[in-house]
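Notes follow the structure.
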Amino acid sequence: MSIQIRYITKSFGNFQALKGINFDIAPGELVALLGPSGCGKTTLLRIIAGLEWPDSGQIIFHGVDATSRHVREREVGFVFQHYALFRHMTVFENIAFGLRVRPKATRPTEHEIKEKVLRLLKLVQLEWLSDRYPPQLSGGQRQRIALARALAVEPKVLLLDEPFGALDAKVRKDLRRWLRNLHDELHVTSVFVTHDQEEALEVADRIVVMNAGQVEQIGAPDEVYEHPATPFVYQFLGDVNLFHGRVDDGWAKIGEADIRLPEQEVDQSDSALFFVRPHEIEVNRSNGNGVKGIGAFVRDIRRYGAVVRLELERTDGDGFVEAVLSREEFKANTVRKGDEVILQPKRIKVFPQAAEPAPIDYVI
Amino acid sequence: MSVAVAIPQSSPGQVHSRLANREPAWVRWTLISLALVFLTGFLVLPLAVVFSQAFSKGWSVYASALVESNALAAIRLTLLVAAISVPLNLVFGLSAAWAIAKFDFSGKSLLITLIDLPFSVSPVVSGLIYVLMFGLQGWFGGWLADHDIKIIFAVPGIVMATIFVTFPFVARELIPLMQAQGTDEEEAAIVLGASGWQTFWRVTLPNIKWGLLYGVILSNARAMGEFGAVSVVSGHIRGLTNTIPLHVEILYNEYNSAAAFAVASLLALLALVTLALKSFLEWRLHASITPSK
């Protein structure tokens, strides 16, 4: 089922949670609503579900306006952040709930219910838990039972609110992949909310990046990551170094350093923001051979899995820079703690600045 | 596609903190004996006295004090009052707690304060309120007299006073419980297609049943044992408007102490049963608060 979200606004008292959200979700798509906490992503999800009403705007399901349709009639499955399993019911009864509350005419027989619940338990690979109660389950198990319960009513749309938020890192990674596979199997239109960019990049077909009640960018994970449309998206998706400077005739002027900007659309700007990903910085020993770049001291070196992280302090005292090298690169250029080095961005993104940028309150 | 399951392990840090919290032996024993002496002197002994006085003149006097017609009338009236006021307060308490815990509306804190009012007002005053309203000289007194409706010095007044006094028990028990449980499960039920009624019976009520029962037990104990408020509105008419506590007072004032204690032993028995039920419910309640997170 396709979903069209049309100019949705929503306020809570004086706080404007959504300021005109407008985008489409294609049938069978897995879409991530990504943004920092308080950006309105959960509110939007709840409006799509019908658990919250928009102040204005429309939610259109498969070409039909569903804005005024009650949540009961929207045929959505909703997975809550804290699972919201019925604590006094067994896992079996939890999953069967949506079938049992149907009006007599459409209610399946006891035998059909049993068959269906067992099939769903198998799908989430937890057959042996059917007699347990929710408090006896681990977080990951609860999450999968909550998903099975939502799927039992055969929803046309599956909505997940921070599905992995309350789980620890290892379980989260496994469940992520599992959800992706499950979606490929079922092809039900799904929307999930997350503040974890890695999660969105790994799982979603498309990402809707939100900030302060507005959509910043919509696109495939690669597109959003490689070509961020706004400084916010650049900062929010992955670690990034931010430099202030100006652009003069295709050259970036950052502090004392001049850096040639390749194929940039910006030729001239008195004030600009430069974004450089930590793994797109070349670190060279400053051996006086005239290489132009940003001078820095190596303050700390941390080996971390397959990469080496360098913490660098700019020689002009204008803050810190983080660089990530592969182990091979690191071995090749033999920098040590305390060395003075030259930083050469391999890729740089320029956002010309009219005035002060909107403060970005999210700390990576 | 297997999913690793984290097994929580108790950390060694807990052992240390337990040791650090331990007081020296003499402190513990002083506190424990102080509590025991206090309990014996103020609670256990009086309770024992009630029963020993009740049986002081033998079993036959005890039994005859209970089956005497005025005593039976008092017992019947007490049961009737409890049978009316407890269910009413159950319904009221449940709806108030539901409204307060699950919805946001203006005037919410005022409602919470009002629910607590009967706790902070002296029972005698609560009784007087009804006399002032429905008594012969009261606001509605004339109108009631014209229509030959008796509220004060009759059963309706006793029921009203009892309802007022037992007002807060159910609501106060349920509000924190329902607030702690949140609305997630109800929302989940509704998304799954349940109607409001189904959600209440299948999700909300099972989650609060032990708390509800706890409130009802306390409310019932108070309804049967209430003296002050009922005393003001009852008029102490033997065999008609005397509840058990009022009957005890009359017998005692007539120096019929064996009979007074015999009837009082019923109330003491009620207290013991209430206590046992309460402990059991507290134990169940604890289990139902444990969140499913």
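Scan A:Leu175, A:Leu160 and give me the residue that is within 16 Å of the chain's Cα centre (by Cα), at the interface with chain B (Cβ under 7 Å from one of its Cβ atoms) and not acidic (Asp, Glu).
Just one listed residue meets the conditions, A:Leu175.
Could you check A:Gly165 against (1) at negative phi; (2) within 11 Å of another protein chain (Cβ to nearest Cβ) and say which number it fails?
(2)
Condition first: facing chain B (nearest Cβ under 7 Å) and surrounded by 17 or more Cβ atoms within 10 Å (Cβ to Cβ). Now tell me which residues in the range A:96-105 satisfy that.
Correct list: A:Phe97, A:Gly98, A:Val101.
Being in contact (Cβ under 8 Å) with a residue 40 or more places away in the chain, surrounded by fewer than 20 Cβ atoms within 10 Å (Cβ to Cβ), within 14 Å of chain A (Cβ to nearest Cβ) and not β-branched (Val, Ile, Thr): is that true of B:Ala154 here?
no
Scan the range A:196-208 residue by residue and report those that are crowded, with 20+ Cβ neighbours inside 10 Å and either over 16 Å from A:Gly28 (Cβ atoms) or in contact with a His (Cβ under 6 Å, 6 or more places away or on another chain) (or both).
Matches in the range A:196-208: A:Gln197, A:Glu199, A:Ala200, A:Ile207, A:Val208.
Restricting to the range A:127-142, count the residues that are within 9 Å of chain B (Cβ to nearest Cβ) and not hydroxyl-bearing (Ser, Thr, Tyr).
Matching residues across the range A:127-142 total 7.
How many of the residues making up the range A:46-95 are free of Cβ contacts under 8 Å to residues at least 60 places away in the same chain, part of a loop (DSSP other than H, G, I, E, B) and within 9 Å of another protein chain (Cβ to nearest Cβ)?
Adding up the residues that qualify gives 7.
Any residue at all in the range B:193-210 that is away from every other protein chain (no Cβ under 14 Å) and not aliphatic (A, V, I, L, M)?
no
Can you name every residue in the range B:232-249 that is among the hydrophobic types (A, V, I, L, M, F, W, C) and surrounded by fewer than 18 Cβ atoms within 10 Å (Cβ to Cβ)?
Selection gives B:Ile237, B:Leu240.
Checking A:Leu237 against (1) under 24 Å from A:Gly28 (Cα atoms); (2) more than 14 Å from chain B (Cβ to nearest Cβ); (3) buried (at least 18 other Cβ atoms within 10 Å of the Cβ); (4) touching a strand residue (DSSP E or B) at 6+ places or on another chain (Cβ under 8 Å), which single condition isn't satisfied?
In the conditions (1) under 24 Å from A:Gly28 (Cα atoms); (2) more than 14 Å from chain B (Cβ to nearest Cβ); (3) buried (at least 18 other Cβ atoms within 10 Å of the Cβ); (4) touching a strand residue (DSSP E or B) at 6+ places or on another chain (Cβ under 8 Å), A:Leu237 misses (1) alone.
Bear in mind these aren't lab numbers, they're just calculated from the coordinates by the rules spelled out. None of these values were measured; they are calculated from a predicted model. Neighbour counts are summed over all protein chains in view; Cβ atoms, including those assigned to glycine, are modelled from backbone coordinates with ideal geometry.
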